[in-house]
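Any read-out appearing in this document is the output of simple, stated calculations on the displayed coordinates, not a laboratory observation. All values derive from a computational prediction rather than experimental measurement. We place every Cβ from the backbone using ideal geometry, glycine too, and count neighbours over all the protein chains shown.
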Amino acid sequence: MTLVINNVSLPSRKDNKQQLCTVICKDSQIDEIIYGPSDLPIDSPDVVNGNGDARLCHSHVHLDKCNILDECDELVSGSFQEALELTSKVKASYTYESLVSRGRHLIVESIKYGVTAMRAHVEVDRTVQFKGLDAGLRLKEEFKDLCDIGLAVFAQDPFFISPSDTEPSDNYILFQKAAGRQGISAVGSAPYVEPSTLHARRNIDYVFELALENRLHIDFHLDYNLDPNASPMIHYVIDLARKSRWTERMKGKHITIGHAPRLCLFTPEEFKQLQDAIDDLPITFVGLPQTDMYMLGREEHIKPRGTLHVPNMVKKYGLNVAMSINNIGNAFTPQGSADPLALCAFGVAIFQTGLPNDCEILFDSVSNTSKRAVGVRCGESLVIRKGDPADLIIVHGNNSIQSLVLSPSFERTVIKNGRVISSRRIIDVIDPTSFLLGHLM
Ligand SMILES: [Zn+2]
């Protein structure tokens, strides 16, 4: 099957930003790029007319606790503890059907924004057991031609219930069973929920053991604080990766570190040490600014707030840093949409930069860096090339990466495996002559 994308600009071609191109996709790959205008008709069903390209990926999204705000008790304090309690209460009422339905809605919304790959977290614990995982597996199969869904079995709850526990609870036993299931690609946890630092380390040990045993990626929620006195756990993860000879034994498998706002407090020397310690380890940080900015730094004395500074970490220290949406419509992140490009625009304000180079870093963080972090095949750079997978979006109305990041268009055509899978255009129904001057209520 051949798909011709006509009249498109490839804005990351720095030598000639506005040059229009024709991109020909054949057999799920980009087969040819012709620079200059084409005389192919633009209304042919196999021709997509547009100006802008992107490849988007959620490197971190919770499939099983999306859009549950309406089912939660009312938010009172907005604190993390309250979010945990409200979410746990809703979790107890999850059914397989409700999980499939909500997850499906999130995936469809994401695809319309241009997301063709995602790492989806599904929690496994004594409350929800395998319901989220089973729903995730069904959705992965259902959407296999439209979106690469990598499932991460995730422990949001602690393995150890009380500070005196020396053996893990059934939360861990269930997690261990889930890690052996067919069809999952990662295991992950939130060690900070454990009752002590010692237990948090054991949590990390267990996740490493299961990842090595089942050849899975690792995905931690780590260093989720802005406390200068809290010892960063990232060093323990790096030490364990070295001790387990991860690079040699786990080729193609990655370790992702979500949140980690504690790193915002690092001095340049500490960042340099981190860079040296990571060296060739396949570690990618995943900034989750929607949640971090909403949830952390509520105490008067901690302000200002913080989230991983994506452009600086990439430019100054050469670290791999992706960015993702994390949650949609729940007590941890009640605001925001599933649009990774909206996240980029948010990043411009948080990181206080709209420079072209920084916009490219932000865009890369929700596209290629995100795909690499979760082990999905992608092109080598933002410039599409012959032989790349034909997974693209055309963002109609944006003609450079800077414009995509600063003000992303709503109108998008999404292409997966060389086939148009979604097209969203605005139909302007406003008739200016019918307006009366005054306020619309
Ligand atoms: Zn998360």
For ALA92, what charge total do you get from the other residues with a beta carbon under 15 Å from its beta carbon, if Lys and Arg give +1 and Asp and Glu give -1? -2
Can you give me the convex hull volume of the Cα atoms of the range 310-441, divided per residue and expressed in Å³? 178
Which FRET efficiency value, to the nearest 0.05, do you get for ARG424 and SER381 by plugging their Cβ-Cβ distance into 1/(1 + (r/R0)^6) with R0 = 22 Å? 0.25
Taking a ≥ b ≥ c as the square roots of the eigenvalues of the Cα gyration tensor, with a/c under 1.5 meaning rounded and otherwise prolate when a/b exceeds b/c and oblate if not, the range 56-373 is rounded
Find the centroid of the Cα atoms in the range 69-148 and in the range 304-349, then give the distance between the two in whole Å. 20
Let me know the charge dipole size of the chain about its Cα centre in debye, to the nearest 20, where only the beta-carbon of Lys, Arg (+1) and Asp, Glu (-1) is charged. 820
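Can you tell me the relative contact order of the range 56-373? Whole percent, Cα pairs under 8 Å, sequence separation 6 or more.
Values: 593 pairs, mean separation 63.0, N = 318.
Relative contact order for the range 56-373 comes out at 20 percent.
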As a check on your grasp of the helix formula, calculate [θ] at 222 nm for the chain: sum -39500 (n - 2.57) over DSSP H runs of n ≥ 4, divide by the residue count, round to the nearest 500. -9500 deg cm²/dmol
Under a Cβ-Cβ cut-off of 10 Å, what is the net charge of the residues other than ALA338 that fall near it, where Lys and Arg count +1 and Asp and Glu count -1? -1
